[in-house]
Amino acid sequence: MKLALIGAGPRNLMALERLLAWNKRVSAPNLEIHLFDPAGIAGRVWRPDQPHELLMNSLAAKITLFTDHTIEMEGPVIPGPTLLEWARRSGTTFIKENNYKKANYLLNEIAHLTPESYASRGLFGIYQEWFYQQLYAQNSKTVHIVFHKTTVTGIKRLTHHTYELRFDDAAETFDGVSLALGEGMSQLSTHERDLTQFAHAHHLTYLRTGYPAEQDFDKIPAHSHILLRGLGLNFMDAMIMLTQHRGGRFYRNSDDTLTYQASGEEPKIFAGSGRGFPYHARGFDQKVVGETRPLYFLSNQLVAHMIRHQEQMSGQEFLNYIYSDVACTYYTKLVAQKYTGISFHEFEQAFQKDPLSDHVLDSYGIAKDDRLNWDQLAHPEGNVKTADDFKQVMLAYLEQDIAEAKRGNKTGPFASAMDTLRELRTNIRKVITYKLISDEDYAKDILGGFNSFNSFLAVGPPILRLEQLLALIKAGVVEILGPKLQLATEQTHFVTYSELFPEYKVPVTDVIEARLASIDIRISKNPLIQDLLKTGMARPYELHFKDGSTEQLGAMDVTTETAELIDNDGTPVPNVYVWGITTEGRHWLTNGSPIPSVNDVRLRMADTIANQMMTYSE
Ligand SMILES: Cc1cc2nc3c(=O)[nH]c(=O)nc-3n(C[C@H](O)[C@H](O)[C@H](O)COP(=O)(O)OP(=O)(O)OC[C@H]3O[C@@H](n4cnc5c(N)ncnc54)[C@H](O)[C@@H]3O)c2cc1C
């Protein structure tokens, strides 16, 4: 049996481990497993030699590639160390033995790693390389494991379930294939092409969307005025690459704030986005591995019941459940801290009966200023009128966000509530995957609203990044322009401004798209995705509305539970699986790595796919 894993990032490394675990049970004859990735083991996001300042936004203690007893799966559990445990136990030896370019930085990082640390991306890459080497050493006598540092450019179906993979002007035949292709790059849009041409014609710089570790920040001269478009995670990366990576230093003051000392090599950075505010910081993590808060509204029982009985709810009901769980956490933490005269158990019970009106809050005397204000969260600018006033609003926003995040995800009301939003992900994923809301409501309420708000609230960077941003604003290195950011061209340069403050227009010479390319297979530059679409072996996922109309999404269509690829005729392609980011839209929030001890969806899927690949029969 010969199996192919295309992409050697976390997902297919987990699949490799699961295949080897299943093989111990089923002993496939002459098993060969081939992994493909031009970026090497660990893939493109986690290259060990990338700039060391680029951090993960997950704690080292809460990242793993190993299964545990919480995973609902049929395969054998084979536990192993989290990233933190590995780094402390064997990271130093492994790094020294393997002569990594950034060894000094990495060894220093390990020496200071704590359960509260966000590891560098390079370190997670090295953990993955170690993971692969272990699997190879333990299994290579019985299983032929081969890694090809190359791109697969096409797949051709030969018989019912044998496939020819094309790579490096060669072709080999396989019995089963798992594709986990990651974010990737998209073709230049007309807008991007125009900006590229304008930049070229006037000797300016335009860096299109891309992986921060690959964007050529060296092209940006010191002291030039530049725009970073986007205020999410990539913005934080670009900000650090243009400041700290250029020799600037952050110093912690006695009041726990940061001060930035410039190196003189920085550009002046203007930034903005549609929403105009950076993503909220992740709360200081007070929970031990595997610890979660119960969900009362979008509960595990409710979702399991609905799946079992194929029931649907409206999009509004779905959102109400989500917001009720978040609010329940917020108010019970608030009451426990600030309204100590109230029994918080009694309050919790009353709130759970009536989470959506103000009735319970009024009757328990919760002050208006203490209430969770969703409108204000969505539009922190309020009705600010001038660019100067907006600067003050931004400073206050950052200060408050940092303070709230520092109060912790078990004790701080806001940080705890946002943690509940993160913990809801498993159930939100199930609602989307099993279509527990109609396609209309999915398009309107989730794709058209909740997704962006969720990213803003609950996909943010470590607190440190917001502290650094605040220090850079105070040092005059960064200025945030505000919501509804506009970019235009004038005779010889770019001009940018917030649509709210059109009188404040800023000329810039360089523009960096501080976000990833949109995940849309129809405009993907990945030759394999294009080949699969061209030959009809894959198709984009479609929403079907009650009036008979349809809407095509940029996700690859796959079966609900088994992740089998669906071809142009709507038929599953036998023993070919596609999972992860290529299916974003069909599934929900696919761009993460596994968390230990929480029945992680990625580890579950790795086991399912490995099981199917090993036991497939016509
Ligand atoms: C800049 C950035 C930072 C991130 N930070 C975090 C974080 O801190 N925490 C977190 O949980 N998640 C983070 N993520 C999300 C990340 O996508 C996941 O954590 C994880 O890497 C997904 O694993 P994967 O195996 O599905 O995809 P990837 O890790 O993206 O791996 C996919 C691999 O497929 C390869 N590939 C694609 N096409 C082909 C082909 N045709 N032939 C051969 N190989 C191919 C690519 O080269 C790539 O290496 C980040 C993502 C990015 C882009």
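Projecting the Cα atoms of G382, I428, F456 onto the charge dipole of the range 300-458 (Cβ charges, centred on the Cα centre) puts I428 farthest toward the positive pole. Averaged per residue, the range 300-458 has 46 square angstrom of accessible surface, using a 1.4 angstrom probe with ligands and nucleic acids left out.
Might you report the magnitude of the Cβ-based charge dipole of the chain about its Cα centre, with Lys and Arg at +1 and Asp and Glu at -1, to the nearest 20 debye?
On the way: 61 positive and 75 negative charges, 245 e Å.
In debye, rounded to 20, the chain gives about 1180.
Positive end of the dipole of the range 300-458 (Cβ unit charges, origin at the Cα centre): among S324, I342, N409, the Cα lying farthest that way belongs to N409. Heavy-atom surface analysis with a 1.4 Å probe gives the range 41-126 a carbon and sulfur content of 49 percent of its accessible area. Between the alpha-carbon centres of the range 164-201 and the range 321-354 there is a gap of 49 Å. For S452 and H112, the difference between the fully extended length at 0.36 nm per residue and the C-alpha to C-alpha distance is 118.9 nm.
With contacts taken as Cα pairs under 8 Å and at least 6 residues apart, the chain reaches a relative contact order of 22 percent. Karplus-based coupling profile of the range 373-385, in residue order and whole Hz: 10, 4, 5, 5, 5, 6, 10, x, 6, x, 10, 4, 9, with θ = phi - 60° in 6.51 cos²θ - 1.76 cosθ + 1.60 and x standing for Gly or Pro. Taking Lys and Arg as +1 and Asp and Glu as -1, the other residues whose beta-carbon sits under 14 Å from that of I342 total -2.
Alpha carbon centre of the range 556-618 versus the range 113-156: separation in Å? The range 556-618 and the range 113-156 have Cα centres separated by 20 Å. Working note: Karplus 6.51/-1.76/1.60 with θ = phi - 60° gives the range 69-74 the couplings 6, 7, 6, 7, 8, 8 Hz, where Gly and Pro are set to x.
Close amide H pairs (under 5 Å, H built 1.01 Å from N) link E584 with M556, residues at least 5 positions away or on another chain.
May I ask for the net charge around K2, where only other residues with Cβ less than 13 Å from the Cβ of K2 are counted and Lys, Arg are +1 while Asp, Glu are -1?
Working: positive: none; negative: E32, E164, E172, D175.
Taking every Cβ under 13 Å from that of K2, the sum is -4.
Where a ≥ b ≥ c are the square roots of the eigenvalues of the C-alpha gyration tensor, would you call the range 535-618 rounded, which needs a/c under 1.5, or, failing that, prolate if a/b is larger than b/c, or oblate?
It is oblate, given that a/c is not under 1.5 and a/b is not larger than b/c.
Bridges between two residues of the chain, per DSSP, are antiparallel at a rate of about 50%. Placing +1 on the Cβ of every Lys and Arg and -1 on the Cβ of every Asp and Glu, with no other charges, gives the range 341-417 a dipole of roughly 220 debye about its Cα centre.
Label zone of S314 (point 7 Å out along Cα→Cβ, amide N under 19 Å): in the range 525-556 this covers 545-547.
Along the range 563-577 the Karplus relation, 6.51 cos²θ - 1.76 cosθ + 1.60 evaluated at θ = phi - 60°, assigns HN-Hα couplings of 6, 6, 5, 10, 7, 4, 8, x, 9, x, 8, x, 6, 10, 10 Hz to successive residues, with x for each Gly and Pro. Checking the a/c ratio against 1.5 first, then a/b against b/c, what shape does the Cα gyration tensor give for the chain? Rounded is the answer for the chain, as its axis ratio a/c remains below 1.5. Longest stretch of the chain clear of exposed loop sites (trypsin sites (Lys or Arg not before Pro), DSSP loop, at most 12 other Cβ atoms within 10 Å, sites excluded): 142-384.
In this calculation the C-beta distance from S357 to T411 is compared with R0 = 30 Å, giving a FRET efficiency of 0.65.
How would you classify the range 300-458 from its alpha-carbon gyration tensor, with a ≥ b ≥ c the square roots of the eigenvalues: rounded for a/c under 1.5, else prolate if a/b is greater than b/c, otherwise oblate?
Working: a/c = 2.03, a/b = 1.26, b/c = 1.62.
Oblate, since a/c reaches 1.5 and b/c is not below a/b.
Please compute the per residue accessible area over the range 54-163 with all protein chains in place, 1.4 Å probe, rounded to a whole number of Å². Could the numbers behind the result be given before it?
Working: 5290 Å² over 110 residues.
Value returned for the range 54-163: 48 Å² of accessible area per residue.
Taking the 1.4 Å solvent-accessible surface of the range 300-458 as the whole, the part contributed by carbon and sulfur is 49%.
Just to confirm a number: summing +1 for Lys and Arg and -1 for Asp and Glu over residues other than T411 whose beta-carbon lies under 13 angstrom from that of T411, what do you get?
Details: positive: K287, R293, K333, K338, K406, R407, K410; negative: D285, E404, D419.
My count for the surroundings of T411 gives +4.
The values are calculated or read from the model by the stated rules, or taken from the named source; none is laboratory data. These numbers come from a predicted model, not from an experiment. Heads up, the Cβs are rebuilt from the backbone with ideal geometry, glycines too, and the neighbour counts pull from every protein chain shown. Ligands, DNA and RNA are excluded from the accessible area calculation, which covers all protein heavy atoms including side chains. Shrake-Rupley method; radii C 1.70, N 1.55, O 1.52, S 1.80 Å.
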